[in-house]
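To start, the structure under review is shown below, and the notes come after it.
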């Protein structure tokens, strides 16, 4: 366990110093800070627009960070030969991969916590929140996003065991888009009995394999005052269980590929 | 006592469109415990690939590889070996001391004093709290050596340990490697720095195109010497007459230098030069160097395989045209 934690700690230390990630984070933070000024552009209700906008910024920035953080993780270690000094020690490949993943997720968590903190601060300063209960309600949404991004990072880590960073970027981005925007579409296709069997089969495969990222988009209750999630605790537990299962499967597959990969 | 390293008919090949490409072919190596072993070869000869197989970083296609009596790649072996790769990179945000702590933690070692002592040993005691990004190449190489000693290894793999270093750093690293032998460690060095290898290695193996072309104790391999003849006022046409088996001839403004094995007749060569009007300046016998052995072994192998050093075969020239 100490080996995994050491690798995770080093990965975290390196990730939070990567300039490209800091630039993405800075852009996200800047948008969060100026978001209140943009609300006037929309005719919709001020509060709804502001909350949707800021949460959208956090989600988009986090997704970009999650992918950029992980696509280079394994290829960089190989290119810079750091992997050789590590794997020549009593470190098993699965420990290395899990350590890298945990380090990446920790860095992602830190960056998302920073963005969430800034968003809440903006709300508090501009008096857009009424009391701690509402603050908590909004803060839960980035937590769901964090679980979503941890899953996205696992997708990207899996691809990074065999794909180049550029290919991985598009693969992971594609999986995220399909899982976020088209999951319901593929579900409908897979249940349509009048469809060509081959198309139906393909739709079923995509629907089953691609994680349902859409289910982590729980922002509606926070954006639209008055809406409430039934059995919220159970829902978050279910989401966490779903993500952990998918993450475990992806990491196991990644370990199997990485075990036989020539580095 | 078992060998520190042993390979039997080791083969590593990769698939390509034109068929499998062998990077290592039927490699038989034996490295005794406690010796400094030089593993030499031109670029792309298969040196690093062999080291990676021995460390279990990549896997052989066929054949056997053993390290300290166990199969290469065995995780238990990693507790007793160390590896310093060519041009190592360390996480630049970390200081020398943090790097040591990180690598120590991979062995389960939590001993800050040990890390400091090892950094002192490689003369980095005063710089251990500076980030690696501020270290010179030589300092980074010394950190590499320090981290490779964390587990008090029985066997060290050093890939080009003195490559690209200034003369002072060069000597420091060389001296450290000699100290390792004094401590009873086995050192396996892959290097292009033939003068270093000649000074510190007990035995060497020369690898070319994945195959061992020469292997043995240095004093046995370097038996026999060479003769260097220098003459002035020689005609250019003389070069072709003097060139022969294992004889290198160069000419510059009438000054000719002939480098030949001492088994050849120096008298005959001197007579040929004199007959052409050349004036002999010197005839100097010298001990065979590792460089000579390397050029002979690799040159012979290349000739046997239809390729010359620094020139192309007719086939290759044809392919290009």
Out of all the residues in region A:215-241, which are at pLDDT 85 or above, surrounded by 14 or more Cβ atoms within 10 Å (Cβ to Cβ) and assigned to a helix (DSSP H, G or I)? A:215, A:216, A:235, A:236, A:239, A:240
Here are some conditions: (1) under 24 Å from residue A:257 (Cβ atoms); (2) in contact (Cβ under 8 Å) with a residue 60 or more places away in the chain; (3) within 10 Å of another protein chain (Cβ to nearest Cβ). Residue B:14 meets all but one. Which one does it not meet? (2)
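Residues are listed down the side, and each one gets a yes or a no for (1) crowded, with 19+ Cβ neighbours inside 10 Å; (2) at the interface with chain A (Cβ under 10 Å from one of its Cβ atoms):
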site: B:80; (1), (2): no, yes
site: B:84; (1), (2): yes, yes
site: B:114; (1), (2): no, no
site: B:119; (1), (2): yes, no
site: B:142; (1), (2): yes, no
site: B:159; (1), (2): yes, yes
Please indicate, with yes or no, whether at least one residue in region A:61-78 is in contact with a strand residue (DSSP E or B) (Cβ under 9 Å, 6 or more places away or on another chain) and surrounded by 22 or more Cβ atoms within 10 Å (Cβ to Cβ). no
I'd like to check something: does region B:198-214 contain any residue that is assigned by TED's automatic domain parsing to the domain that holds residue B:165, in a helix (DSSP H, G or I) and touching a residue at least 40 places away in the same chain (Cβ under 8 Å)? yes
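Matching residues to (1) within 13 Å of chain A (Cβ to nearest Cβ); (2) closer than 24 Å to residue B:114 by Cβ; (3) buried (at least 18 other Cβ atoms within 10 Å of the Cβ):
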{"residue": "B:145", "(1), (2), (3)": "yes, yes, yes"}
{"residue": "B:151", "(1), (2), (3)": "yes, yes, yes"}
{"residue": "B:166", "(1), (2), (3)": "no, no, no"}
{"residue": "B:175", "(1), (2), (3)": "no, yes, no"}
{"residue": "B:183", "(1), (2), (3)": "no, yes, no"}
{"residue": "B:191", "(1), (2), (3)": "no, no, yes"}
{"residue": "B:203", "(1), (2), (3)": "no, no, yes"}
From the residues in region A:1-10 that are surrounded by 17 or more Cβ atoms within 10 Å (Cβ to Cβ) and more than 9 Å from chain B (Cβ to nearest Cβ), which one is nearest to residue A:95 (Cα to Cα)? A:4
Being in contact with a helix residue (DSSP H, G or I) (Cβ under 7 Å, 6 or more places away or on another chain) and under 18 Å from residue B:58 (Cα atoms) is the filter here; which residues of region A:60-84 pass it? A:74, A:75, A:77, A:83
Residue B:110 is checked against (1) closer than 20 Å to residue B:153 by Cβ; (2) within 14 Å of another protein chain (Cβ to nearest Cβ); (3) part of a helix (DSSP H, G or I) and fails just one. What number does that condition carry? (3)
Find the helices (runs of 4 or more DSSP H) located wholly in region A:43-102 whose residues include 1 or more that are within 13 Å of chain B (Cβ to nearest Cβ), and list them. A:73-79, A:82-87
Which condition from (1) assigned to a strand (DSSP E or B); (2) buried (at least 19 other Cβ atoms within 10 Å of the Cβ) is the one that residue B:97 breaks? (1)
Is it true that some residue in region B:163-179 is out of contact with any helix residue (DSSP H, G or I) (no Cβ under 8 Å at 6 or more places or on another chain), closer than 26 Å to residue B:27 by Cα, in contact (Cβ under 8 Å) with a residue 12 or more places away in the chain and not assigned by TED's automatic domain parsing to the domain that holds residue B:278? yes
Residues being over 18 Å from residue B:138 (Cα atoms) and either within 15 Å of the chain's Cα centre (by Cα) or outside the structural domain of residue B:151 (by TED's automatic domain parsing) (or both): count how many of those fall in region B:180-191. 2
Since residue B:234 meets every condition but one in (1) loosely packed, with under 15 Cβ neighbours inside 10 Å; (2) modelled with pLDDT of 90 or more; (3) assigned to a loop (DSSP other than H, G, I, E, B), which condition does it not meet? (1)
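The values are calculated or read from the model by the stated rules, or taken from the named source; none is laboratory data. Quantities reported herein were computed from a predicted structural model and do not represent experimental measurements. We place every Cβ from the backbone using ideal geometry, glycine too, and count neighbours over all the protein chains shown.
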